[in-house]
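> To start, I am sharing the structure in question, which I have written as structure tokens.
The values are calculated or read from the model by the stated rules, or taken from the named source; none is laboratory data. Being a predicted model, the structure only gives us computed values, none of them experimental. Counting neighbours? That spans all protein chains shown, and the Cβs are built from the backbone with ideal geometry, glycine included.
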Protein chains: 2
Amino acid sequence: MIKQRLDEYRTPIEEVLQNCLQEEGVPGELLESMSYSLQAGGKRIRPVLCLAWAELLGQKREKVLWFCTSLELIHTYSLIHDDLPAMDNDDLRRGKPSNHIRFGEAAAILAGDGLLTRAFSMMLQTDLSPGAVLQAAAQISRAAGPAGMVGGQVLDMVLTGNNKKELEDLKEMHSLKTGAMIKSSCLAGAILAGGSQDDLLRAGEYGASLGLAFQVADDILDITGDQTKLGKPVGSDQARDKLTYPALLGLDESRTLGLEMVARAVRAIEPYSGDRADFLKDLARYIMDRVE
Amino acid sequence: MIKQRLDEYRTPIEEVLQNCLQEEGVPGELLESMSYSLQAGGKRIRPVLCLAWAELLGQKREKVLWFCTSLELIHTYSLIHDDLPAMDNDDLRRGKPSNHIRFGEAAAILAGDGLLTRAFSMMLQTDLSPGAVLQAAAQISRAAGPAGMVGGQVLDMVLTGNNKKELEDLKEMHSLKTGAMIKSSCLAGAILAGGSQDDLLRAGEYGASLGLAFQVADDILDITGDQTKLGKPVGSDQARDKLTYPALLGLDESRTLGLEMVARAVRAIEPYSGDRADFLKDLARYIMDRVE
């Protein structure tokens, strides 16, 4: 049921992903390496969240679809760079050779740079009110930046292999590395719909809780999951001495934390009703259902 | 004389460069590696051009200074990534160890990513009219993206070591790799000042001509220059079999091409008068004066 609803959001996003890199003047080699990673599948959760919040607050889908979809380009760029030999050195991504394995390191660095810059040009070309677009794009740029995702990746590298691991470090790292972008995806959707200050607070609360639940679930699945579904070897975090929730809290307490976060996300949606509100609640619950 | 005038523009830009990375939540390691490259000196030509065009068309300096300065963050990110071992593998930049030599490859990739994203958050926080900011930032994002700077770097890698070198390839590569951003720096300044369509055409013509002159001059200096001034070994392009103007046209014809471009840039300023117009003309002339 939730999977069908997810597909209703994902289908138009996939269509934009098919077309959005086709600009005049892009060298064929670059287009190929960017497309390879962008079309390797994935949950498309950031665009879905942005779109679902925009529609929940009454915005029309076609007005925000390109903006929402651009968030997947930012996510894909971060995966390509994280997989590089100098970083996590991952040969596999979603069951396929990583970008640098397929195209070489230089091409992979540039594919990431290309996706990141293209994401901004997609965000900034829109027929919505310039003030709202500016506010939403500024939110995304901060979340993707040094005080967000890039900073989180730096903390991840610093913490990996470090013996003094604290829960606070882990929360800080994830809140920057994945939390900030997931929260901002919801916030950007609310901003693009002209949401009130209260709407924005709820979108932020929902997104922050969902982001944490999502990371906890991913960490659990790295231990208990199925390699074919994960698209990468089970236990790869442990093998690399990565700081994870199960490593710090154990599996049971990690599950409890994940479920608490799902409950908090669901509560943030309580003031809304209807089909679109139900989708956002079900989506939150689905994250921890995958773990069971 | 031109150096004094340049410093009048550069001084406020350097002040913003000193402060602009200080955001709450940025890990210390990341701040250090980003600052290292950002404060390694450089001509600051992109911010200077943006500011000079905005002021030429009547905009106030304090309103556009952060936007203009952000262009130097984009330039610095591109240098850090270009120097990486997988790309040009340059150990020296402006006479100092390259970012990856000083901080390691992972830190250098992330310093680049951090500077690029921070540049956008700087561009998008402004008290100018949202429509103008949106248009200017969209221009910059396209120029920095797959159909601009990133695409140009891909072409550079493809062409290096390739035997079938044509002048058209070289022009295409440079027009993407450096030309697009220099042209767009001028255009963004004109847009932020609320320039007319004619103003924008002239800013584009000036910037495109200046960008080409700049590249020709750089290529010539790589052969005839002084290592201490260049901050890198003389002849490094040749050693690497890089496609350059002197390699294709010879030194004399390259000089002629550079001077033609300077003349074209100066002509684009003819409709304007006063101190600020004189500065832009002198700046264009100065580029080829360095070569003599």
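> Filter region A:75-133 for residues that are charged (D, E, K, R), at the interface with chain B (Cβ under 8 Å from one of its Cβ atoms) and touching a helix residue (DSSP H, G or I) at 6+ places or on another chain (Cβ under 7 Å); which is surrounded by the most Cβ atoms within 10 Å (Cβ to Cβ)? Quick ask: steps written out before the conclusion?
Initially, region A:75-133 is screened for residues charged (D, E, K, R), giving A:82-83, A:88, A:90-91, A:93-94, A:96, A:102, A:105, A:113, A:118, A:127.
Checking the rest, the ones that are also at the interface with chain B (Cβ under 8 Å from one of its Cβ atoms) come to A:105, A:113, A:118.
If we keep only those that are touching a helix residue (DSSP H, G or I) at 6+ places or on another chain (Cβ under 7 Å) as well, we get A:113, A:118.
Working: A:Asp113: 29, A:Arg118: 27.
Selected residue: A:Asp113.
> If I go through region B:74-123 residue by residue, how many of them are closer than 17 Å to A:Pro146 by Cβ and among the aliphatic types (A, V, I, L, M)?
Counting residues in region B:74-123 that are closer than 17 Å to A:Pro146 by Cβ and among the aliphatic types (A, V, I, L, M) gives 13.
> Just give me the residues in region B:1-34 being buried (at least 18 other Cβ atoms within 10 Å of the Cβ) and under 23 Å from A:Met157 (Cβ atoms), in sequence order.
B:Leu21, B:Val26, B:Pro27, B:Leu30, B:Leu31, B:Ser33, B:Met34
> What are the pairs with Cβ atoms under 7 angstrom where one residue, in region A:92-117, is over 19 Å from A:Thr69 (Cα atoms) and the other, located anywhere, is in a helix (DSSP H, G or I) and of a type in the set (Phe, Trp, Tyr)? Sequence gap at least six, or different chains.
As it stands, the answer is A:Asn99/A:Tyr36; A:Arg102/A:Tyr36, since those pairs meet every condition given.
> While we're looking at this one, here's another question. Is it the case that region B:33-42 has a residue that's within 17 Å of the chain's Cα centre (by Cα), in a helix (DSSP H, G or I) and either more than 14 Å from every other protein chain (Cβ to nearest Cβ) or of a type outside the set (S, T, N, Q) (or both)? Working first, answer last.
From region B:33-42, those within 17 Å of the chain's Cα centre (by Cα) are B:37-42; that's our starting set.
Within this subset, residues satisfying the condition of being in a helix (DSSP H, G or I) are B:37-38.
Filter again for either more than 14 Å from every other protein chain (Cβ to nearest Cβ) or of a type outside the set (S, T, N, Q) (or both), leaving B:38.
Scanning region B:33-42 turns up at least one residue that is within 17 Å of the chain's Cα centre (by Cα), in a helix (DSSP H, G or I) and either more than 14 Å from every other protein chain (Cβ to nearest Cβ) or of a type outside the set (S, T, N, Q) (or both).
> Look through region B:43-74, keep the residues that are assigned to a helix (DSSP H, G or I) and among the basic types (Lys, Arg), and return whichever of them is surrounded by the most Cβ atoms within 10 Å (Cβ to Cβ). Spell out how you get there, then give the answer.
Initially, region B:43-74 is screened for residues assigned to a helix (DSSP H, G or I), giving B:45-56, B:61-74.
Next, only the ones that are among the basic types (Lys, Arg) stay: B:46, B:61, B:63.
On the way: B:Arg46: 27, B:Arg61: 12, B:Lys63: 14.
Filtering region B:43-74 for residues that are assigned to a helix (DSSP H, G or I) and among the basic types (Lys, Arg), the one surrounded by the most Cβ atoms within 10 Å (Cβ to Cβ) comes out as B:Arg46.
> With the condition being modelled with pLDDT under 95 and closer than 23 Å to B:Met34 by Cα, I'd like the helices (runs of 4 or more DSSP H) fully within region A:105-205 carrying at least 2 qualifying residues. Steps first, answer last, please.
Working: elements: A:105-124, A:130-144, A:149-159, A:167-174, A:180-192.
In region A:105-205, the matching helices (runs of 4 or more DSSP H) lie at A:149-159, A:167-174.
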